[in-house]
Amino acid sequence: MSIVVKNLTHIYMPGTPFESVALMDVNWIIEDGEFWGLIGHTGSGKSTLIQHLNGLLKPTSGEIIVDGVNINERGVNLREIRQKVGLVFQYPEHQLFEETVEKDVAFGPKNLGLPEDEVTERVREALDLVGLKYDEIKERSPFELSGGQMRRVAIAGVLAMRPKVLILDEPTVGLDPRGRDEILGQIVRLRERQNITVILVSHSMEDIAKIVDKIAVMHRGRMVESGTPKQVFKNREALASIGLDIPQVTHLMIKLKDKGKNVATDVFTVEEAEAEILRAARGMGHA
Amino acid sequence: MAAEILVEGVCYQYPQSSEMALKDVNLRIKKGEFIAIIGPNGSGKSTLAKLFNGLFVPTKGRITVDGLDTRDKENIWKIRQKAGIVFQNPDNQIVATVVEEDVAFGPENLGVPPDEIRKRVDEALEIVELKEYAQKPPHLLSGGQKQRVAIAGIIAMRPDYIIMDEPTAMLDPVGRKEVISTVKRLNKEEGKTIVLITHFMEEAVEADKVIVMSEGRVVMEGTPREIFSKVGKLKAIGLDVPQVTELAHRLRGQGLAIREDVLTIDEMVECLCPLL
């Protein structure tokens with residue numbers, strides 16, 4: 001399912017002394033099945049932007065077109081839109097509230113009025129998608145799980161709605177490296193299995209560069225860059241000037257290139273850097 | 001009386017839990033040191049932080065701060081004045097509606113006289129580089145700025161030891177850099193002893209000493225260079241190393257002559273230049 005953002009501007013508290021422009025003329029096309037990373041600092045407009053994609057916020061001007069439908073037109077069923085576009089907020093585990101994991105994940109589908117066996121089926125599937133075993137975990141209280149598990153249960157709650165587009169706002173914040181890799185790995189697998197469109201909001205270029213197809217960069221309410229990681233990281237001066245870091249290995253390759261070494265600089269992961277340096281070293285007869 | 005935090009044979013068990021969260025931990029934190037504690041979630045880092053100033057007391061063993069035993073209730077206020085904690089979420093630590101009032105909250109509660117409070121607040125805000133924000137309401141500040149207000153609130157209590165429990169976990173890269181440069185300044189210029197608990201390895205690299213925790217125990221202890229050169233061991237307990245350190249490790253595995261203990265991009269450039 002595709003989403004098109006056209007000339008989106010959002011002003012908080014217009015006409016008051018507190019008026020502030022959160023989004024300015026943002027244009028963004030998210031094609032069906034794409035995997036996007038959305039990057040920017042706190043206050044850059046990322047969260048405001050994603051809350052428009054399922055109608056939680058209304059544009060001051062501009063349009064959001066989800067699956068061909070302008071979602072802010074009269075008569076559009078926003079419930080349906082929110083079912084299609086699932087949003088996982090920051091620290092989603094703060095939203096857990098039920099006595100058992102099963103009840104918590106079932107809350108959404110139950111509210112859709114689905115029959116009980118269909119609800120159970122969806123709960124089982126959603127927990128499976130986030131790497132948790134239904135039979136082992138369904139009766140446990142979500143509050144006695146580890147931080148990483150709680151977060152996965154919360155994500156399962158959104159997946160149980162079977163969204164076509166999944167938006168995750170900083171899903172790894174506060175997790176340790178293993179927890180972070182688990183969540184990111186599950187998102188990648190989820191996308192492969194379900195072929196859904198994913199938007200991952202993050203501060204971390206190193207996390208994002210490894211897994212997404214495309215990156216959009218927000219700065220002061222504007223979308224200042226968008227494209228493949230290669231295209232976006234090419235403008236490293238621009239990224240540095242807005243305080244965003246490129247991955248450490250990319251930085252390394254650029255420094256080597258500046259020293260006159262014959263290496264490619266469109267390298268974002270440790271594995272890619274390893275291959276590229278070995279290639280160059282072999283060329284010099286060193287490996 | 002030694003100027004240090006001494007942790008001796010400490011075990012800690014949470015009420016209602018069947019397992020020990022800390023198992024026989026022994027540590028010495030000397031005055032003036034900058035120590036980083038890393039470890040996966042659930043390894044006992046935050047529990048340990050709360051034991052340093054007597055928020056929790058050991059189930060077994062003992063902790064002394066400058067010779068004062070945290071188990072002794074008589075000592076608790078003295079200890080808390082010596083050792084302050086900064087927590088993860090700045091929003092949970094700010095109590096007042098104006099920045100300088102928030103910073104004054106701690107010393108006010110200590111019964112510090114008003115002109116002394118004024119002096120301490122100005123000084124603390126100067127150290128965290130937020131002097132021009134003294135009159136601002138904290139909610140208008142960025143995450144990094146708010147966390148620095150929380151740090152100023154601790155500095156105003158004049159502790160010798162500052163314990164930071166993942167102070168940058170909720171911040172973006174700019175906020176993280178602000179807080180870490182403040183932490184370094186506190187250590188190098190103000191002589192404060194720093195215990196920094198973090199998930200970010202590039203922050204731990206800045207410390208004098210790194211302590212690695214896993215499953216309630218201290219499993220490694222050494223300089224950042226010693227610790228991060230053990231790539232395999234760190235990965236096995238679920239931790240990361242900086243990207244360049246990992247790259248160096250892999251390239252060595254492929255037979256390139258590169259030092260094992262590379263920590264920064266510039267060191268890596270130096271190692272690689274003769275080979276390319």
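Let's see how each residue does on (1) without any contact (Cβ under 8 Å) to a residue 24 or more places away in the chain; (2) at the interface with another protein chain (Cβ under 10 Å from one of its Cβ atoms):
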site	(1), (2)
B:230	yes, no
B:237	no, yes
B:247	yes, yes
B:252	yes, no
| task | State all residues of segment A:115-158 that are part of a helix (DSSP H, G or I), small (Gly, Ala, Ser) and more than 14 Å from every other protein chain (Cβ to nearest Cβ); if no residue qualifies, say none. | result | A:126, A:154, A:156, A:157
| Within segment B:254-266, restricting attention to residues that are surrounded by fewer than 19 Cβ atoms within 10 Å (Cβ to Cβ) and more than 10 Å from chain A (Cβ to nearest Cβ), which residue is farthest from residue A:182 (Cα to Cα)? | B:259
| task | Filter segment B:123-154 down to the residues that are of a type in the set (A, V, I, L, M), assigned to a helix (DSSP H, G or I) and more than 14 Å from chain A (Cβ to nearest Cβ), then identify the one that is surrounded by the most Cβ atoms within 10 Å (Cβ to Cβ). | result | B:152
| task | From the list B:260, B:221, B:246, pick out the single residue that is among the charged types (D, E, K, R) and within 23 Å of the chain's Cα centre (by Cα). | result | B:221
| field | Hey, residue A:170 acidic (Asp, Glu), closer than 23 Å to residue A:3 by Cβ and without any contact (Cβ under 8 Å) to a residue 60 or more places away in the chain or not | value | no
| request: Return a yes/no flag: does segment A:194-217 have any residue that is over 30 Å from residue B:276 (Cβ atoms) and in a helix (DSSP H, G or I). | output: yes
| said: Taking the criterion of being within 10 Å of chain B (Cβ to nearest Cβ), in a helix (DSSP H, G or I) and out of contact with any strand residue (DSSP E or B) (no Cβ under 9 Å at 6 or more places or on another chain), would at least one residue in segment A:223-238 satisfy it? | reply: no
| Options A:213, A:207, A:169; residue that is of a type outside the set (Phe, Trp, Tyr), surrounded by fewer than 19 Cβ atoms within 10 Å (Cβ to Cβ) and closer than 28 Å to residue B:199 by Cα | A:213
| said: Exactly one of these conditions fails for residue A:255: (1) surrounded by 21 or more Cβ atoms within 10 Å (Cβ to Cβ); (2) at the interface with chain B (Cβ under 7 Å from one of its Cβ atoms). Give me its number. | reply: (1)
| Unmet criterion (only one of (1) over 16 Å from residue B:265 (Cα atoms); (2) facing chain B (nearest Cβ under 10 Å); (3) at pLDDT 90 or above) for residue A:263 | (1)
| Given (1) buried (at least 19 other Cβ atoms within 10 Å of the Cβ); (2) within 14 Å of the chain's Cα centre (by Cα), number of the condition residue B:181 does not satisfy | (1)
| The one condition in (1) away from chain A (no Cβ under 14 Å); (2) closer than 26 Å to residue B:37 by Cα; (3) buried (at least 22 other Cβ atoms within 10 Å of the Cβ) that residue B:157 fails to fulfil | (3)
| Among the residues of segment B:60-113, which ones are farther than 30 Å from residue B:28 by Cβ, free of Cβ contacts under 8 Å to residues at least 24 places away in the same chain and in a helix (DSSP H, G or I)? | B:92, B:101, B:108, B:109
| field | segment A:251-287, residues that are touching a helix residue (DSSP H, G or I) at 6+ places or on another chain (Cβ under 8 Å), assigned to a loop (DSSP other than H, G, I, E, B) and either within 19 Å of residue A:228 (Cβ to Cβ) or not polar (S, T, N, Q) (or both) | value | A:259, A:261, A:263, A:264, A:265, A:266, A:267, A:268, A:269, A:284, A:286, A:287
| message | Just to be sure before I move on: is residue A:11 farther than 21 Å from residue A:200 by Cβ, touching a residue at least 12 places away in the same chain (Cβ under 8 Å) and β-branched (Val, Ile, Thr) in the structure I sent? | response | yes
| said: I'd like the full set of residues that are touching an Asp or Glu at 6+ places or on another chain (Cβ under 8 Å) and either surrounded by fewer than 16 Cβ atoms within 10 Å (Cβ to Cβ) or on the phi > 0 side of the Ramachandran plot (or both), limited to segment A:44-71. | reply: A:62, A:70
| Would you pick out the residues in segment B:217-249 that are surrounded by fewer than 23 Cβ atoms within 10 Å (Cβ to Cβ) and touching a Ser or Thr at 6+ places or on another chain (Cβ under 7 Å)? | B:231, B:237
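The values are calculated or read from the model by the stated rules, or taken from the named source; none is laboratory data. Note that the coordinates shown come from a computational prediction; the quantities given were computed from them, not determined experimentally. Note that each Cβ is placed from the backbone with ideal geometry, even for glycine, and that neighbours are counted across all protein chains shown.
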